[in-house]
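First the structure, in the form of structure tokens, and then the observations on it.
The values are calculated or read from the model by the stated rules, or taken from the named source; none is laboratory data. On a predicted model such as this, the values are computed, not experimentally measured, just so you know. We place every Cβ from the backbone using ideal geometry, glycine too, and count neighbours over all the protein chains shown. To get the accessible areas, we keep the full protein, side chains included, count just its heavy atoms, and leave off ligands, DNA and RNA. Shrake-Rupley method; radii C 1.70, N 1.55, O 1.52, S 1.80 Å.
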Amino acid sequence: MAGSTPVSLSADAPASPQLAVQPRKARSISPALETWRRFRRHTLAVTGAIVLLILVSGVLLGPYVWPVAINDIDFAAKLQGPSLAHPLGTDDLGQDLLARMMYGGRISLAVGFAAMLVALTVGVLVGSVAGMASGWLDAALMWLTDLFLALPTLPLLLLVMYLFRDSMKKVLGVEGGAFVLIVVVIGGLRWMPVARLVRAQFLSLREKEFVEAARALGASKVRQVVQHILPNALGPVIVVGTIDVAAAIIFESTLSFLGLGFPSDVPTWGSMLRDAKDYLDIAAHWALFPGGAIFLTVLAINFIGDGLRDAFDPRRVL
Amino acid sequence: MNAPLAPAEDLLKVRDLRKRFAVRGGIFSRTVDQVHAVDGVSFEIGKGETLGLVGESGCGKSTTGRCILRLIEPSSGEVWFQGNNVTRMGGDELQKLRRDMQIIFQDPYASLNPRLKVGAIIGEALTIHKLAPTQKAMEDRVVQLLETVGLQPDHMHRFPHEFSGGQRQRIGIARALAVEPKLIVCDEPVSALDVSIQAQVINLLEDLQEEFGLTYLFIAHDLSVVEHISTRVAVMYLGRVVEIAPSRELYDNPLHPYTEALLSAVPIPDPTVKRKRIMLQGDVPNPIRPPSGCHFHTRCPIARPDCAQRVPELRESKPGHWVSCHYSG
């Protein structure tokens, strides 16, 4: 376009609009839209998203379609396999497994997402402060992070549950207390990788020229972070977040399996597995369905994380 | 330290500017060494002038530019802008200074936030300094700035990745112009561009200088680019200025052996012209332990034994032509 006379001031300017507009009419593509376009091409991730969507809408809307009480005891029909009356069979008290699966799924998924949010919030806060404040504050925060990473998770969890379960129960009720406690504990033990990641992103981004340009224009530290650094650091954080959801669901299952999660009469996918383990040889379906649900959810979320990672990575051609 | 006289009115005065970067290592990140990035630089820039600052990679050109803007805190030395000591400024004063001094970057791909639209990138300066009372005023000003740098008004709704390198550099220039600065530090603004686009951007910078009475500190490693745009040129070697002279004078009549060697490497677009090519021996020494005396003595073709002991001062060899060499000029 500039050709042999590259001197004119406006030589490339008037030519460019036509060049830019020709391939796609008028509309500007934002980075978010571009990420979505790339995500859509990732078959596994899209499959994962659809599976997760089905699972989530299943546990949310399912009880309206299948309005069976979760504690409807019927000893005449105990430990039955799948049938028309009980599509997923029954447990040792003759309670309907489909209803319990849907109820338990709500809890498991809610714990997963809430714990992820806690981990991300704490991690992003600690990481951004450490990344912006070099010097002693950065060092102190990273020591704290290392300290938390060095804590043995499971024993600590058991200790916290024993110590605080009763007092939380008094304040927030049986289920609410357990929920808050589990979410806080899981989130409180999973923010460290996020903090490290965010700090590393900040260290690299704050030296970038567009941040330097903002500094040269007199942008405050808060403005530099909110406008320029954080939005560019969030891609990998979202990816870690999806994986954290999966990890939190498994964690809650572990806790329930050990009898430290929700009260024993509240079904979650993990506690159903625990109850089913004694009947594996005569009622395998009882363990199979919650186990399969956990497996499917975690796998789907991990694939979504995979797809997001690739979609956020501009070096990858999709 | 005495320093070169500048024409008429000095907008910017730099006095014995130094910047050392700590090299940390060992346990508890002790400072084990120091990189002498800028090692006593002094110069002036007159109002409306363009001072070219040339030198090899790593000689401290960019660090000098950033120290002047206080994007990097200088270790010692002074920077005076319109009679005010920039190095002592804090808070509000510094914030006001940000309106007077701006910077254009080398890499047009790294210098624009990929998540903001062009309108927001240029408009940010107006928001920070409260230069646009209403949304309408802001948009009008952004459109005006885009047109000033040769872009279309509707470009403000696009994202940086939708532009070419040359267009992105124009956006960077528009951002710098938004606060109506007096001095712009151009940090290798065309080094990352195609040659044809380089000429356009240089011409744009010259037009803007004329239109707004801008003063440039033009950092580059390409001597032919600098020759075209600069009123005067300063040559840097290992953190020190070795020669300052009016552009024409420096190119016709270089005094410092380093300048001579640099100029002999500039290609002449005429195959019949034969020129003596001065090949420098060895590499640029490590700025952690720069050579004693004259930094250049390890590679200098005319060095004598005492060059390793005595540090040469910048002295005025001819009116307006300053050189820091014991034996040349």
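Which shape class applies to the range B:215-285: rounded if a/c is under 1.5, otherwise prolate when a/b exceeds b/c and oblate if not, where a ≥ b ≥ c are the square roots of the Cα gyration tensor eigenvalues?
Verdict is oblate for the range B:215-285.
Calculate the dipole size of the protein assembly as shown relative to its Cα centre from +1 charges on Lys and Arg beta carbons and -1 charges on Asp and Glu beta carbons; express the result in debye to the nearest 20.
480
Past 29 Å, Cα to Cα, is the threshold; run B:47/B:117; A:221/B:182; B:19/B:276; B:19/B:47 against it and keep the listed order.
From the list (B:47/B:117; A:221/B:182; B:19/B:276; B:19/B:47), the Cα-Cα distance tops 29 Å for B:47/B:117; B:19/B:276.
So for the protein assembly as shown, Kirkwood radius off the Cα pairs, Stokes-Einstein at 37 °C and 0.692 mPa s: how many µm² s⁻¹?
Translational D for this selection: 111 µm²/s.
Within the range B:245-298, list the trypsin sites (Lys or Arg not before Pro) lying in a DSSP loop whose Cβ has at most 15 other Cβ atoms in a 10 Å radius.
B:274, B:275, B:276, B:277
Work out the mean other chain Cβ neighbour count within 10 Å for the residues of B:108-116 and drop it here as an integer.
Per-residue shielding by partner chains comes out at 6.
In the range B:233-329, which GluC sites (Glu not before Pro) are in a loop and have at most 14 other Cβ atoms within 10 Å, using DSSP for the loop call?
Filter output for the range B:233-329: B:313.
Give me the percent of the accessible area of chain A that comes from carbon and sulfur atoms, probe 1.4 Å, all protein chains in place.
C and S atoms contribute 69 percent here.
Which shape class applies to the range B:109-260: rounded if a/c is under 1.5, otherwise prolate when a/b exceeds b/c and oblate if not, where a ≥ b ≥ c are the square roots of the Cα gyration tensor eigenvalues?
prolate
Only four residue types carry charge here, +1 at the Cβ of Lys and Arg and -1 at the Cβ of Asp and Glu. Report the dipole size of the range A:110-266 about the Cα centre in Debye, rounded to the nearest 20.
340
So what's the angle, to the nearest 10 degrees on a 0 to 90 scale, between helix A:43-65 and the longest Cα principal axis of chain A?
40
GNM, chain B, Cα, under 10 Å: largest mean-square fluctuation among B:297, B:256, B:157?
Looking only at B:297, B:256, B:157, the biggest GNM fluctuation is shown by B:157.
Students sometimes get this wrong: rank B:327, B:109, B:237 by accessible area, probe 1.4 Å, all chains present, largest first.
B:109, B:327, B:237
Which of the three applies to chain A, rounded, prolate or oblate, going by the alpha-carbon gyration tensor with a ≥ b ≥ c and a/c under 1.5 meaning rounded?
Because a/c hits 1.5 or more and a/b fails to exceed b/c, chain A counts as oblate.
So which residues of the range B:181-206 lose at least 10 Å² of accessible area, probe 1.4 Å, when you go from the chain by itself to every protein chain present?
Residues losing area: B:196, B:197, B:199, B:200, B:203, B:204.
Of all accessible surface on chain B at a 1.4 Å probe, what whole percent is carbon and sulfur?
Carbon and sulfur: 51 percent of the exposed surface of chain B.
Give me the accessible area per residue for chain B, probe 1.4 Å, as a whole number in Å².
43
Ignoring ligands, DNA and RNA, what accessible area per residue does the range A:110-266 give at 1.4 Å, in Å²?
Per residue, the range A:110-266 has an accessible area of 44 Å².
Taking Cα atoms, how many degrees apart are the long axis of helix A:230-257 and the longest axis of chain A, rounded to 10 and kept between 0 and 90?
Its long axis makes an angle of about 10 degrees.
I'd like the orientation of helix B:195-212 relative to chain B: the angle between its Cα long axis and the longest Cα principal axis, in ° from 0 to 90, rounded to 10.
70
What 222 nm value per residue comes from the helices of chain A, counting each DSSP H run with n ≥ 4 as -39,500 (n - 2.57) and dividing by all residues, nearest 500 deg cm²/dmol?
Taking each H run of at least 4 residues, the total per residue is -23000 deg cm²/dmol.
Projected onto the charge dipole of the range A:110-266 (+1 at Lys/Arg Cβ, -1 at Asp/Glu Cβ, origin at the Cα centre), which of A:264, A:140, A:117 gives the Cα projection farthest towards the positive end?
Result: A:140, furthest along the dipole toward the positive end.
Taking the highest mean first, how do the peptides B:56-65, B:16-25 order by number of other beta carbon atoms within 10 angstrom per residue?
Descending packing order for the listed peptides: B:56-65, B:16-25.
Work out the length of the dipole vector of the range B:177-286 about its Cα centre, built from +1 on the beta-carbon of each Lys and Arg and -1 on the beta-carbon of each Asp and Glu, and round it to the nearest 20 debye.
In debye, rounded to 20, the range B:177-286 gives about 540.
Between A:189, A:197, A:151, where does the largest GNM mean-square fluctuation fall for chain A, given springs only between Cα atoms within less than 10 Å?
Judging by the Gaussian network model, the answer is A:151.
So how much accessible surface do A and B hide from each other in total, probe 1.4 Å, in square angstrom to the nearest 100?
The contact between B and A buries close to 3300 Å².
Which loop-located trypsin sites (Lys or Arg not before Pro) does the range A:229-318 contain, where loop means any DSSP state but H, G, I, E or B and the Cβ has at most 13 other Cβ atoms within 10 Å?
A:315, A:316
Please give the length that would be gained between residue B:135 and residue B:311 if that part of the chain were fully extended, namely 0.36 nm times their separation in residues minus their C-alpha to C-alpha distance (nm, one decimal).
Length gained, residue B:135 through residue B:311: 57.6 nm.
Based on the alpha carbons, how large is the Rg to Rh ratio for the range A:110-266 when Rh follows Kirkwood?
Rounded to two decimals, Rg/Rh equals 1.08.
Among B:304-310, A:232-238, what's the highest-first ranking by average C-beta atoms within 10 angstrom per residue?
Most protected by this proxy first, the peptides run A:232-238, B:304-310.
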